Amino acid sequence: MSPSPQTAYYREQEHGLRTPELNSIYSEILRRNPGEPEFHQAVLEVLESLAPVLDARPELLDARVIERVCEPERQIMFRVPWQDDSGQVHVNRGFRIEFNSALGPYKGGLRFHPSVNLGVVKFLGFEQIFKNALTGMSIGGGKGGSDFDPKGRSDAEVMRFCQSFMTELSRYLGEHTDVPAGDIGVGGREIGFLFGQYRRITNRWEAGVLTGKGLGWGGSQARTEATGYGNVLFTAEMLQARGEDMEGQQVVVSGSGNVAIYSIEKAQKLGANVVTCSDSGGYVMDEKGIDVALLKEIKEVGRGRVSDYAERRGASARYVTTGQVWDVPCDVALPSATQNELDLDAAQILVRNGVKAVSEGANMPTTPSAVRLLQEAGVVFGPGKAANAGGVATSALEMQQNAGRESWSFARTEERLGQTMRDIHETCRETAERHGVPGDYVAGANIAGFERVTDAMLAQGVI
Ligand code: NDP
Ligand code: 2IT
């Protein structure tokens, strides 16, 4: 389904940065971090936005603040041995990149997927720094995970894996130090197993050490919904800035996990017609609009596939195994599966079909050349750092509730989520306009996030 990240990265190498200083910083990052194409891609995208900041504040170069923000504070890699149900022993690799704690404890999800490697976790941790800064909350940036594949594993196997993973990771966590949450392959079930093992090892009921917990034991209302809902709210803000809204828009969504499901649900609540969802096997096109209750039953209860959805839905739905959801004509596209899933070819198809807005529910799902094409074609583009920040922002609300031993209502939490997404939109819009690139949410998000985190770093000394 997704093109090779390798291809996407090498295709971009012909594009230079705007100043010799930025070019030389980037060359050094390539030299010191070999074989990490996703990390290179994420860094390049931020550096491409920074020229106007350096024009205005050349002293940032002397302080080497770009080099500092691109170097993780700490990188942890560890062995995760576990036994499957038949007694066979497996060895996976665990990662936690504690990237930046200038604004708060390291905060970011854990991803369990066979494609996870150091470069992937570093790109995710790097993006998380700026995303978390944009929320305006007291959270630093981090990310972790493992190349463990939970697909087809029993609950008992997943539990044993999580227990082994947490046995090592627990040394580095703490509500004031590092606070993981979910990401691909890590949802409520895994957070439960991880929390149980942390509690057992540390002898502490430390709610604020993980977010995405169950509602009965320290979790927050609306955290499950937050990323998808937040992305749709962000999209609605971008459309509103152009005098439009979500009502009646034809929407395509990729993925069928946490982010995709709640993007579909919120878009429908705002009157849109969502016609697709997908997984790594193929996609579903449902003319009548995705039946989100059925999708939840299949994915959340049964851990099934979108092909099961097509089978059970009846005549309106088709299961397609060639091409991608981007082939389906739409007004709004919400990539919500994985990195580099929307490439230049897909962007060309979207533009040809008249897409108005693309907003990233996933992290870095759009390749750099695709982003450029969409922006040049006048398509409004919401970068993941801003658009999918509702998940981590609601994680910060979970931490706040845990610290105060409180439990807020769904309405109160959702209201805070809505306000946060409006604030992030306004920050990005205003920052882009102030730097002479009105409507460029990529530049707005990168510059605003960069300034918030690096101002904190500068105030705290050479650290
Ligand atoms: P889930 O594990 O719930 O769902 C992931 C979905 O993406 C599945 O449909 C999966 O299909 C598909 N997918 C994953 N990897 C690939 C791949 N390599 N190729 C094709 N399809 C793939 O994860 P989430 O919904 O939580 O995460 C989706 C995206 O959103 C990720 O980029 C994540 O980083 C990002 N995100 C998540 C947040 C959260 O709060 N959960 C917050 C902000 C961003 P299949 O089952 O076939 O693998
Ligand atoms: O990419 C992300 O922002 C997440 N996976 C959520 C992180 C969090 O700590 O809630």
Exercise. Filter segment 361-417 down to residues that are of a type in the set (A, V, I, L, M, F, W, C) and farther than 30 Å from H40 by Cα and give me whichever is surrounded by the most Cβ atoms within 10 Å (Cβ to Cβ).
Key: M399
Exercise. Identify, from the list V274, V292, V259, the residue that is crowded, with 24+ Cβ neighbours inside 10 Å, more than 9 Å from ligand 1 (Cβ to nearest atom) and modelled with pLDDT of 95 or more.
Key: V274
Quiz prompt | Pair list, Cβ < 6 Å and 6+ apart or interchain, from segment 117-129 residues that are closer than 14 Å to A445 by Cα to residues that are in a helix (DSSP H, G or I) and open to solvent by less than 10 Å² (accessible area, probe 1.4 Å) | solution = F126/A42; E127/A42; E127/K385; I129/V453
Quiz item: Name the residues in segment 84-116 that are without any contact (Cβ under 8 Å) to a residue 40 or more places away in the chain and closer than 19 Å to I191 by Cβ, would you?
Solution: V116
Quiz prompt | In segment 376-391, residue nearest to ligand 2 (Cβ to nearest atom) [restricted to those that are in contact with a helix residue (DSSP H, G or I) (Cβ under 6 Å, 6 or more places away or on another chain) and in a helix (DSSP H, G or I)] | solution = G391
Exercise. Considering only segment 85-118, state which residues are at negative phi, more than 16 Å from ligand 2 (Cβ to nearest atom) and not in a strand (DSSP E or B).
Key: D85, S86, Q88, A102, P114, N117, L118
Self-check item: Considering residues of segment 173-193 that are within 16 Å of ligand 1 (Cβ to nearest atom) and more than 23 Å from A260 (Cβ to Cβ) only, the residue least open to solvent (accessible area, probe 1.4 Å)
Solution: V179
Quiz item: For G314, all conditions in the list (1) open to solvent by less than 70 Å² (accessible area, probe 1.4 Å); (2) modelled with pLDDT of 95 or more hold save one; what is the number of the exception?
Solution: (2)
Quiz prompt | segment 203-229, residues that are farther than 23 Å from A156 by Cβ, over 22 Å from the mean Cα position of the chain (by Cα) and either part of a helix (DSSP H, G or I) or within 12 Å of ligand 2 (Cβ to nearest atom) (or both) | solution = A207, L215
Quiz item: Are any of the residues in segment 67-89 within 24 Å of Q400 (Cβ to Cβ), touching a helix residue (DSSP H, G or I) at 6+ places or on another chain (Cβ under 8 Å) and open to solvent by less than 10 Å² (accessible area, probe 1.4 Å)?
Solution: no
Quiz item: Any residue at all in segment 317-329 that is within 16 Å of ligand 2 (Cβ to nearest atom) and either open to solvent by less than 20 Å² (accessible area, probe 1.4 Å) or touching a Pro at 6+ places or on another chain (Cβ under 8 Å) (or both)?
Solution: no
Quiz item: When M238 is evaluated against the numbered criteria (1) assigned to a helix (DSSP H, G or I); (2) open to solvent by less than 20 Å² (accessible area, probe 1.4 Å); (3) under 25 Å from N340 (Cα atoms); (4) within 15 Å of ligand 1 (Cβ to nearest atom), which criterion, by number, is the only one it fails?
Solution: (4)
Quiz item: Being more than 14 Å from ligand 2 (Cβ to nearest atom) and under 17 Å from V80 (Cα atoms), is that true of even one residue in segment 121-143?
Solution: no
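The values are calculated or read from the model by the stated rules, or taken from the named source; none is laboratory data. Because the structure is a prediction, the values reported are computed rather than measured. Every residue, glycine among them, receives a Cβ derived from its backbone with ideal geometry; neighbour counts consider all protein chains shown. Side chains included, ligands, DNA and RNA excluded: accessible areas come from the protein's heavy atoms. Shrake-Rupley method; radii C 1.70, N 1.55, O 1.52, S 1.80 Å.
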